[in-house]
Amino acid sequence: MSKEKNPNTTHSYLAVIAVLAAIMMGVLDGTVMNVALPTLSHEFGVSPSDSIWIVNAYQLIVTMMLLGFAAIGDVFGYKRVFLCGVSIFVSASALCAMSRSFEMMVAARVLQGIGGACTMSINTALLRLIFPPARLGRVMAANAVIVAVTAASGPALGGAILSIGHWSWIFLMNIPLGLAALVIGWKLLPHNPPQKVRPKLDGQSVVLNAVFFGLLIYTIEQMAHDGFSTLLVLQAVVAVIVGTIYIRRQLNLPMPILPVDLFRIPIFAMSVGCSIACFTAQMMALVSLPFFMQHSLGFSVAETGLLLTPWPLATTLTAPMAGRLIERVHPGLLGGVGMSVFALGLFLLATAGSISGTWDLAWRMAVCGIGIGLFQTPNNVTITTSAPLRRSGGASGMLGTARVLGQTLGTAMVAVLFHLMGNQGGGEVVCLWTALGLALTAGVVSLLRVKEHSPIQRS
């Protein structure tokens with residue numbers, strides 16, 4: 001076993017810290033920005049609807065480039081892509097902090113999205129190189145904990161920064177974290193294992209991938225918020241045409257950017273489907289719950305923010321346990337149990353119309369978080385390890401793409417259901433029931449994976 005693959009060395013743990021630091025930057029940047037939008041809208045003299053592009057520009061670029069950078073990592077090395085991504089992200093953060101116009105801010109956020117796509121596309125591929133499969137579950141659990149804690153603390157941290165300092169510190173705080181990840185990563189991250197034949201990168205596929213996912217995500221979001229129009233229908237038609245050309249091209253490539261070769265592995269395909277369904281359900285719940293708490297249950301804005309906290313905290317406590325259980329229990333079984341618990345939590349929330357106490361709602365939120373914690377770590381490890389080692393980048397990119405696609409679909413479905421319900425209300429409960437159905441579907445598919453060999457046990 002090589003030094004990089006030995007889970008007991010200090011170097012291995014430090015290398016993981018570099019990857020987790022980059023993940024923390026990306027998550028913080030998303031959650032903090034939502035709190036800062038009103039301030040930035042006033043600072044640059046733009047409308048609140050226009051200011052949303054400060055968030056959307058980043059998310060759109062990340063979605064467009066995730067799989068492309070994953071393929072580049074397969075060819076040129078995950079370490080190189082990671083270091084380039086962190087460098088770009090840190091530089092773009094400085095430009096964001098120095099922005100003096102709305103246009104400059106959006107341009108800097110686009111650049112930041114490129115850096116974020118680099119690091120997000122190959123982070124789990126790097127973790128797979130650092131640790132052996134038998135211990136990967138624990139590292140992925142740490143990943144889930146970092147994401148959950150950072151997501152939970154992001155809004156509070158953003159509010160604290162804005163209350164005592166200038167908005168630019170939201171971006172400047174990325175710089176020390178990024179420089180630490182850059183130095184540690186440059187010294188300690190492992191290189192891709194050598195291959196007899198170096199794979200070739202298909203440039204046309206990179207462009208087609210970016211255009212297809214860009215059109216797809218933008219069209220979904222616009223249709224959800226603005227409804228159908230002639231322009232959006234034409235845009236959807238173009239997306240279908242580009243997507244058809246893109247997928248047909250991938251079918252004829254030995255190492256496709258869209259990992260159609262990996263989808264021929266049943267447990268990989270089912271795990272990706274479960275991931276999309278889970279993130280769609282989770283986003284539907286998290287977007288609709290604040291409306292449900294304030295409109296239906298009568299909680300204040302401050303109470304709503306506090307009551308959302310048990311969800312990520314429960315995930316934080318459960319994910320490490322799931323990371324250890326995966327060494328002995330089939331991930332399909334763990335995922336099925338996790339989605340069942342998640343569905344139970346959604347059921348308890350959807351039927352909570354008469355609740356008046358904060359504790360009665362808080363423990364229901366915690367049930368949802370426990371279910372997500374039991375599901376995410378085993379599912380992420382399965383997606384990562386079911387692919388051949390040389391295709392770790394493709395698996396890592398698909399993992400990130402499934403998350404972004406699920407979150408986008410969840411947000412869009414909430415907007416559509418709210419629009420259909422009109423002023424009559426009740427859209428929040430419909431969203432929770434829809435999310436429950438998606439969670440049960442993911443749970444059933446997850447249990448079907450039990451008949452497949454666990455990639456952890458096989459490794």
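The values are calculated or read from the model by the stated rules, or taken from the named source; none is laboratory data. These numbers were taken from a predicted model, which means no experiment stands behind them. Quick reminder, even Gly has a Cβ in these numbers, built from the backbone with ideal geometry, and neighbours come from all protein chains shown.
Miscellaneous remarks
- Candidate set from the stretch 245-274 (those that are free of Cβ contacts under 8 Å to residues at least 24 places away in the same chain and among the hydrophobic types (A, V, I, L, M, F, W, C)); member that is surrounded by the fewest Cβ atoms within 10 Å (Cβ to Cβ): 251
- Residues of the stretch 14-58 satisfying the condition of being hydroxyl-bearing (Ser, Thr, Tyr), surrounded by fewer than 15 Cβ atoms within 10 Å (Cβ to Cβ) and either assigned to a helix (DSSP H, G or I) or at pLDDT 85 or above (or both): 49
- The listed residue being surrounded by 15 or more Cβ atoms within 10 Å (Cβ to Cβ), in a helix (DSSP H, G or I), at negative phi and β-branched (Val, Ile, Thr), out of 242, 207: 242
- When restricted to residues that are farther than 12 Å from residue 365 by Cβ and at pLDDT 80 or above, the stretch 299-326 contains 11.
- Against the test of being under 25 Å from residue 334 (Cβ atoms), in contact with an Asp or Glu (Cβ under 9 Å, 6 or more places away or on another chain) and not hydrophobic (A, V, I, L, M, F, W, C), the options 266, 254, 310 yield a single qualifying residue, 266.
- Residue match in the stretch 240-251 (condition: aromatic (Phe, Trp, Tyr) and modelled with pLDDT of 80 or more): yes
- Hits in the stretch 298-327 (condition: part of a helix (DSSP H, G or I), free of Cβ contacts under 8 Å to residues at least 24 places away in the same chain and touching a helix residue (DSSP H, G or I) at 6+ places or on another chain (Cβ under 8 Å)): 301, 304
- For residue 295: the one exception among (1) at pLDDT below 80; (2) part of a loop (DSSP other than H, G, I, E, B); (3) not charged (D, E, K, R): (2)
- For the stretch 282-328, a residue qualifies if it is of a type in the set (A, V, I, L, M, F, W, C), surrounded by 21 or more Cβ atoms within 10 Å (Cβ to Cβ) and in contact with a Gly (Cβ under 7 Å, 6 or more places away or on another chain), and the qualifying residues are 283, 284, 311, 314, 319, 322, 326.
- Being within 25 Å of residue 256 (Cα to Cα), assigned by TED's automatic domain parsing to the domain that holds residue 326, surrounded by fewer than 24 Cβ atoms within 10 Å (Cβ to Cβ) and β-branched (Val, Ile, Thr) holds for only one residue in 404, 429, 450, and it is 404.
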